[in-house]
Every structure is written in C-alpha cells, then in structure tokens.
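Engineer: I have a structure I would like to understand better, so I am pasting it below and will then ask my questions one at a time.
The values are calculated or read from the model by the stated rules, or taken from the named source; none is laboratory data. This one's a predicted model, so the numbers in the text were calculated from it and none came from an experiment. Cβ atoms come from the backbone with ideal geometry, glycine included; neighbour counts cover every protein chain shown. What goes into the accessible areas is simple: the full protein's heavy atoms, side chains included, and nothing from ligands, DNA or RNA. Shrake-Rupley method; radii C 1.70, N 1.55, O 1.52, S 1.80 Å.
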Amino acid sequence: MMFDHTHGLSGHRILTGDRPTGPLHIGHLAGTLAGRVQLQVRNRQTILIADLQALTDNAGNPAKVSSNVLELALDYLAAGIDPAQTTIALQSGIPELAELSTLYMNLVPVSRLLRNPTIKSEIEARGFGDSLPAGFLCYPVSQAADITAFCADLVPAGADQAPLVELSNEIAMRINRMAGEEVLPRAELLQSHAPRLPGIDGRRKMSKSAGNAIMLSDEPDDIRRKVFAMYTDHGHLRVSDPGKVEGNVVFAMLDAFDLEPEAVADLKERYRAGGLGDMVLKRRAEAVLQDLLAPIRARRKMLASEAGEIRKILEAGTAAARETVQPQHSRVRRAFGLA
Ligand code: TRP
C-alpha cells in the first residue's frame, strides 16, 4: 500500500527533484509523489524542477525540457502537493546553484565521476560513446550543489541516487574542512519502501517512453483499455487453472493502490489455488485506478486552465528557494576565498 512510507518524519529539511522530461505516471505516484504529499505536512520540503539537469542529456531537444516544466508542476499540484507547504522551485531560476556547481567541480576528479555506478550505467544506457557531454558527466556535482545549497538532511529518492548523495556528502565535508567549521550538513537518502511499479506489459518498469505507463492525466477510457491489456500470467489459461501472483501486473497494481490489503491477500490465495479469473481481478484493478485518478485528473484539468496561476506559483517558489540558498552560497564562496 502506498501511503505509509514516510515513517512519521518531522522537522527535516527535505530536497527532492525531477527532470522535466515528460508528464508523470502512476509509478511516480506510488514511488515518490504520495510520499511527498505526506512529508510536506511536518517538514520543510522543496521540490526542484531540475531543468538544467535535464538539459545535460537533452541539449539537442531543449523544447522537450522547457515544454515539460509546467506539465510537471501541474502533476505535482494535481497529486496533492500544496504550494503553501512545499516550495516548488525551478533549478535554472537559481543561479547560485550554477555557481556552486562550478566551485564544486574543482573538488571532484573526473575519474571519480566516471567510476560513479549510477553515472556509469546511465552513460552506458545512453550510448554516448565519444560524445559524452561534459555537463552530463558532471551532473552529480550539480546535484550536490542542489542538496547542499538547501542544507537538505533528507533526500527522498530511489536507491540509484545513493551514490549521488554520497558524493554530495564528500563535497560537503571537503568544504567544511576548507572553511574550518560546519558550513554544510550531511544528507541522508530516504528510500521509498514502495516496490518499483512494473509497466502494464510486465516486462519493464513503468515508463512513458516504453509505452507501458498509465499517466496521471489518462482519461477513463485509456485507463480501462490499459488495465484490460495488463499482463497477468501466460500460464493461466482457464479460470480453474492455478495462477501466478509474482510478476502479475494486476496484483502489483492492487498491492500499490488497493485500500483493502486483506481483500487483496484473499484474492491472491484464491488466484493461486485456481478458480479465480483474470477478468474479476481486472475489474477490481480498474475500479481502484479509476477512483485513484478521477480526482487527480479533475484537479489537473482545472489547474491547466489557469496556466498563469501555475507560473506565479513557480516564480514565488523559485524566489523563496533563492533566499533559502543565499547563506550557504555566501559561505561556500568565502571558503574558496571569494568575497
Ligand atoms: N537526479 C534526480 C532525478 O533524475 C533529479 C534531481 C535533481 C534531484 N536535483 C536533485 C533529486 C536533488 C533529489 C535532490 O530524478
């Protein structure tokens, strides 16, 4: 179930972020968005729309990044992020972050970046070859600027972000030694306990580019069509056959979003034993997803008609974030001997 992975945390400075490269789907909702909606109540949370970071592998198509900034903000607000509780800020609107990145780059050997497991696998996945952009190789340094500038002590993200938080901490310690005092705190990764949601095809994680995602903005017909196309168990030919729960996308959806886990446990037992048809399961999953997404879609549509308001929220959040990062920015400049 998705609404219980924030450990009742309170009083933390939280920074999290996303690259604006596309609208969000229910995998984001289960993995991070629902947690952020809870965390915002009793913590100081900032969500960074990381457009500069997105450009590190989208410089050939900058419109993809700029056109998705507002979409991402819409998804946040529709999913329940409250701008009165969470600061939503645009990375490129905070030039202090860029300057911090420039300074931090002097502390990080290129070999260290090339060895970073997250970067290493991302470089391989993108097949950059000889054309690896320097900006992409250095984005972890820029992310360290993000984390340290906001004095974040918690960074909610996936396990893949652990090496980046580690690098950020190393940079913070170096700065503290240079300054002779604690200028920047350590940050800790807050890993979501939600298992990664599979795509409706069951073969990969959910992603828009793989075409296997249910988007937050999907219409009821899309949702119905996608649920009934979900991969279940190829061995489950007759209703009376025993079925597999593991790897079954419909059960993954019910585990993530059904509000009655006991009922889901019961369905699993009956499915395993044989005698429970896929259609029964899919009808339940459809009802669960329709209920989940109807209010989000309605809010998204309402907000989309007020683009000017959304822009104002972003501008105000970015201005507030700039103020937040000022003191750290000044201290780091001083640690480097700059006035
Ligand atoms: N790297 C993150 C992602 O790809 C986005 C991000 C940028 C971020 N800056 C951050 C996440 C700071 C947490 C903290 O999703």
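Engineer: Expressed in nm to one decimal, what extension gain is obtained for the pair LEU132 and ALA307 from 0.36 nm per residue of sequence separation less their Cα-Cα distance?
Structural biologist: Values: separation 175, 0.36 × 175 = 63.00 nm, distance 3.58 nm.
Length gained, LEU132 through ALA307: 59.4 nm.
Engineer: Further question on the same structure: If contacts are Cα pairs under 8 angstrom and at least 6 residues apart, what is the relative contact order of region 20-71 in percent? Each step should come with its number before you reach the end.
Structural biologist: Details: 27 pairs, mean separation 30.5, N = 52.
Relative contact order comes out at 59 percent.
Engineer: Using +1 on the beta carbon of Lys and Arg, -1 on that of Asp and Glu, and nothing else charged, what's the dipole of the chain about the Cα centre, debye to 20?
Structural biologist: With Lys and Arg at +1 and Asp and Glu at -1, about 300 debye.
Engineer: Each label point is 7 Å from the Cα along the Cα-to-Cβ direction; what then is the distance between the points at ALA316 and GLU181, in nm?
Structural biologist: 3.4
Engineer: With a 1.4 Å probe and every protein chain kept in, tell me what percent of the accessible surface of region 1-115 is carbon plus sulfur.
Structural biologist: Heavy-atom surface of region 1-115 belonging to carbon and sulfur, 1.4 Å probe: 55 percent.
Engineer: Right, next: Using a Cα-Cα cut-off of under 24 Å, which lysines could be cross-linked to LYS268, ignoring same-chain neighbours fewer than 8 residues away?
Structural biologist: Cross-link targets: LYS205, LYS226, LYS244, LYS282.
Engineer: If you don't mind, there's one more thing I want to ask. What is the sum of charges, Lys and Arg at +1 and Asp and Glu at -1, for the other residues whose Cβ falls under 12 Å from the Cβ of GLY11?
Structural biologist: +2
Engineer: So how much accessible area does THR46 have, in Å² to the nearest 10, using a 1.4 Å probe?
Structural biologist: Only protein atoms counted, so the area is about 20 Å².
Engineer: Need the list of lysines near LYS312 for cross-linking: C-alpha distance under 25 angstrom, and skip anything on the same chain fewer than eight residues off.
Structural biologist: Filter leaves LYS64, LYS301.
Engineer: Using Cα atoms only, what is the angle between the long axis of helix 117-126 and the major principal axis of the chain, expressed in degrees (0 to 90) to the nearest 10?
Structural biologist: 70
Engineer: GLY274: net charge of surrounding residues, Cβ under 9 Å, Lys/Arg +1, Asp/Glu -1, itself excluded?
Structural biologist: Taking every other residue near GLY274 into account, the sum is +2.
Engineer: Also: Order SER207, SER111, most accessible first, counting only protein heavy atoms with a 1.4 angstrom probe.
Structural biologist: Most to least solvent-accessible, the answer reads SER111, SER207.
Engineer: Name the aspartates and glutamates eligible as straight-distance cross-link partners of LYS208: C-alpha to C-alpha under 13 Å, and not fewer than 8 places from it in the same chain.
Structural biologist: Straight-distance partners of LYS208: ASP218.
Engineer: Where only protein heavy atoms count, and the probe is 1.4 Å, what is the accessible area per residue for the chain in Å²?
Structural biologist: 46
Engineer: Same structure, new question: Shape of region 112-182 from its Cα gyration tensor (a ≥ b ≥ c, root eigenvalues): rounded if a/c is under 1.5, otherwise prolate when a/b > b/c, or oblate? Intermediate results must be reported in sequence, preceding the final value.
Structural biologist: Values: a/c = 2.63, a/b = 1.81, b/c = 1.45.
The shape class here is prolate.
Engineer: By how many degrees, 0 to 90 and rounded to 10, does the Cα axis of helix 162-179 deviate from the longest principal axis of the chain?
Structural biologist: Rounded to the nearest ten degrees, it is 20.
Engineer: Quick one: putting +1 on the C-beta of Lys and Arg, -1 on the C-beta of Asp and Glu, what dipole do you get for region 21-75 around its Cα centre, in Debye to the nearest 20?
Structural biologist: It works out to roughly 280 debye.
Engineer: Order the peptides 302-309, 247-254 from the highest to the lowest mean number of other Cβ atoms within 10 Å of their residues.
Structural biologist: Per-residue Cβ counts within 10 Å, averaged per peptide and sorted highest first, yield 247-254, 302-309.
Engineer: List, in order, the whole-Hz ³J(HN,Hα) value for each residue of region 34-49 obtained from phi through the Karplus relation with A = 6.51, B = -1.76, C = 1.60 and θ = phi - 60°; use x for Gly and Pro.
Structural biologist: Working through the residues one at a time gives 4, x, 5, 4, 6, 5, 5, 5, 10, 9, 8, 9, 10, 10, 9, 7 Hz.
Engineer: Could you point to the residue in LEU90, SER240, ALA304 farthest towards the positive end of the chain's charge dipole, with +1 and -1 charges on the Cβ of Lys/Arg and Asp/Glu respectively?
Structural biologist: Looking along the dipole axis, the top candidate is LEU90.
Engineer: Would you mind checking the tilt of helix 95-104 against the longest principal axis of the Cα atoms of the chain, expressed as 0 to 90 degrees and rounded to 10?
Structural biologist: It works out to around 80 degrees.
Engineer: Per the Kirkwood definition applied to all pairs of different Cα atoms, how many angstroms is the hydrodynamic radius of the chain?
Structural biologist: Evaluated over the chain, this radius sits at 21.5 Å.
Engineer: Once R0 is set to 30 Å, what does the formula 1/(1 + (r/R0)^6) return for the Cβ-Cβ distance between ASP201 and ASP266, expressed as a FRET efficiency to the nearest 0.05? Numbers along the way, then the final one.
Structural biologist: Working: r = 27 Å, r/R0 = 0.89.
The pair ASP201/ASP266 has a calculated efficiency of 0.65.
Engineer: Alpha carbons only, please: Rg and Dmax for region 23-77, in angstrom.
Structural biologist: 12.8, 40
Engineer: Please find the FRET efficiency linking SER66 to SER240, where r is the Cβ-Cβ separation and R0 is fixed at 51 Å, and quote it to the nearest 0.05.
Structural biologist: Computed FRET efficiency for SER66 and SER240: 0.40.
Engineer: Still on this structure, please answer the following. Please work out how much length the chain gains when fully extended from SER10 to ARG299, using 0.36 nm per residue of separation minus the C-alpha to C-alpha distance, in nm with one decimal. List each step's numbers first, then the result.
Structural biologist: Details: separation 289, 0.36 × 289 = 104.04 nm, distance 2.75 nm.
Result: 101.3 nm gained on full extension.
Engineer: Here is a further query. Give me the number: length gained by fully extending ARG115 to ALA287, i.e. 0.36 nm times residue separation minus the C-alpha to C-alpha distance, one decimal in nm.
Structural biologist: Roughly 57.3 nm would be gained on extension.
Engineer: Additional query: Show me the GluC sites (Glu not before Pro) within region 193-278 that DSSP assigns to loop and that have at most 10 other Cβ atoms within 10 Å of their Cβ.
Structural biologist: Here the sparse-neighbourhood loop sites are GLU246.
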